[in-house]
Ligand SMILES: Cc1cc2nc3c(=O)[nH]c(=O)nc-3n(C[C@H](O)[C@H](O)[C@H](O)COP(=O)(O)OP(=O)(O)OC[C@H]3O[C@@H](n4cnc5c(N)ncnc54)[C@H](O)[C@@H]3O)c2cc1C
């Protein structure tokens with residue numbers, strides 16, 4: 001849908017992408033489940049070749065890297081259209097998560113050597129990658145707490161740890177791993193991002209984790225991975241030691257825009273299916289489902305929520321393009337929880353209107369739900385984003401929640417120390 005953000009440069013591209021998605025991709029989703037993705041991959045790879053031949057590959061890339069030099073705001077609009085083919089639109093056009101996030105990360109921060117070795121084939125779609133930060137034993141919402149370590153030994157880092165929900169690790173050529181390199185530093189300066197090729201001895205995919213009953217495979221998997229004495233050259237570090245969290249922030253800002261625009265496309269698809277069903281399902285003699293006010297409420301609420309979400313996200317993307325992600329953190333938090341929830345409400349309504357059919361794999365809605373319910377959890381759970389946004393707003397009113405919480409923590413630590421000293425003294 002055209003908005004005030006739709007430029008003359010992106011409008012013809014949007015039309016071409018929409019045409020390809022409708023003609024070549026949507027017919028492939030009949031009977032799709034993550035478990036039969038394997039059989040589909042050769043077909044999708046042929047489609048990738050067709051996209052490359054049409055000059056539509058890597059639309060998120062800069063001109064120097066063979067892309068179209070679109071802004072984040074322009075690419076966001078493309079991303080929405082790709083999401084009308086929810087599961088493989090982005091893959092076929094070479095801009096699927098987590099590769100798109102790793103591409104941006106390496107493009108902006110990797111050394112020339114790492115770019116040559118990892119970024120080039122990633123951009124060309126010759127290899128895939130994954131991002132390995134979350135650990136099963138530690139709350140991912142507080143990523144300063146992690147057990148994976150990278151200890152320097154001569155010219156190498158030796159990496160040990162266990163990660164899970166490393167999405168798309170299955171078949172990836174390398175992982176960007178978050179590991180503690182400086183355990184004695186301040187919490188946000190302890191970890192670093194290091195590239196670990198997946199053929200490194202000690203890199204083991206323990207399992208692809210079943211999500212709502214489907215383990216998935218290939219880039220549709222979420223793996224549990226162990227790193228046991230994995231040795232990589234020190235030059236595989238991105239930027240330098242202790243930079244992991246700063247880089248994660250840089251990576252996640254645009255990444256959240258990508259997710260949100262994808263959800264808006266998914267939501268449009270769900271609403272389209274909802275409306276088709278409402279207009280065609282006879283509920284009483286001569287009365288269609290869409291004549292019921294409950295269903296009209298579903299439709300009107302969904303339309304408004306999607307349209308509001310789109311403008312919120314595109315405006316945020318526009319601000320990232322113009323003033324940089326560091327100045328737009330509140331908006332990035334806002335879109336992440338707002339759009340994830342709006343999308344899941346639309347999807348749930350669409351399932352409801354389809355009745356029993358809605359929970360089967362005969363329509364794409366159930367697979368979308370399995371794949372996307374995590375939207376309110378990954379890249380920061382709702383509660384964390386809401387808390388950050390509220391804290392930032394209240395700070396402008398003179399109430400610094402984070403500072404007070406830090407002071408309280410320090411006070412408790414001090415009191416705990418005193419108690420230990422007292423006890424020791426008495427002993
Ligand atoms: C489908 C999927 C794909 C993923 N892909 C990746 C990936 O590719 N790479 C990667 O590294 N990780 C990935 N993750 C992991 C994801 O980033 C984490 O799940 C997320 O950061 C939350 O961490 P956690 O699961 O440990 O939950 P926890 O941190 O244990 O939190 C559990 C719940 O507690 C609540 N909560 C947390 N903090 C607060 C708070 N401050 N106040 C109030 N409530 C709170 C929230 O409801 C939250 O959902 C993925 C997760 C999913 C579901």
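What about residue 313, is it touching a helix residue (DSSP H, G or I) at 6+ places or on another chain (Cβ under 8 Å) and outside any helix (DSSP H, G or I)?
Answer is no for this residue.
Just to be sure before I move on: is residue 398 part of a loop (DSSP other than H, G, I, E, B) and modelled with pLDDT of 95 or more in the structure I sent?
Working: part of a loop (DSSP other than H, G, I, E, B): yes; modelled with pLDDT of 95 or more: yes.
Considered against the rule, which asks whether it is part of a loop (DSSP other than H, G, I, E, B) and modelled with pLDDT of 95 or more, residue 398 comes out as yes.
Quick one: in the range 176-190, which of the residues that are under 15 Å from residue 234 (Cα atoms) and outside any loop (DSSP other than H, G, I, E, B) is nearest to the ligand (Cβ to nearest atom)?
So the residue we want is 178.
Quick check on my filter: what residues within the range 191-211 are buried (at least 16 other Cβ atoms within 10 Å of the Cβ) and within 16 Å of the ligand (Cβ to nearest atom)?
Matches in the range 191-211: 191, 192, 193, 194, 195, 196, 198, 203, 205, 208, 209, 211.
If the Cβ limit is 7 Å and pairs must be 6+ apart or interchain, which residue in the range 157-169 that is within 14 Å of residue 145 (Cα to Cα) and assigned by TED's automatic domain parsing to the domain that holds residue 136 pairs with which residue that is near the ligand (Cβ under 7 Å from one of its atoms) and in a strand (DSSP E or B)?
Partner pairs satisfying both residue conditions: 163/132.
Please go through the range 340-364 and give me each residue that is under 18 Å from residue 80 (Cβ atoms) and away from the ligand (no atom under 16 Å from the Cβ), ordered by number.
Residues satisfying the conditions are 342, 345, 346, 350, 364.
Taking residue 118, is it closer than 15 Å to residue 229 by Cα, in contact with a helix residue (DSSP H, G or I) (Cβ under 8 Å, 6 or more places away or on another chain) and buried (at least 18 other Cβ atoms within 10 Å of the Cβ)?
Criteria not met by residue 118.
The values are calculated or read from the model by the stated rules, or taken from the named source; none is laboratory data. Predicted, not measured: the structure shown is a model, and the values here were computed from it. Ideal geometry is used to build each Cβ from the backbone, glycine not excepted, and the neighbour counts take in all protein chains shown.
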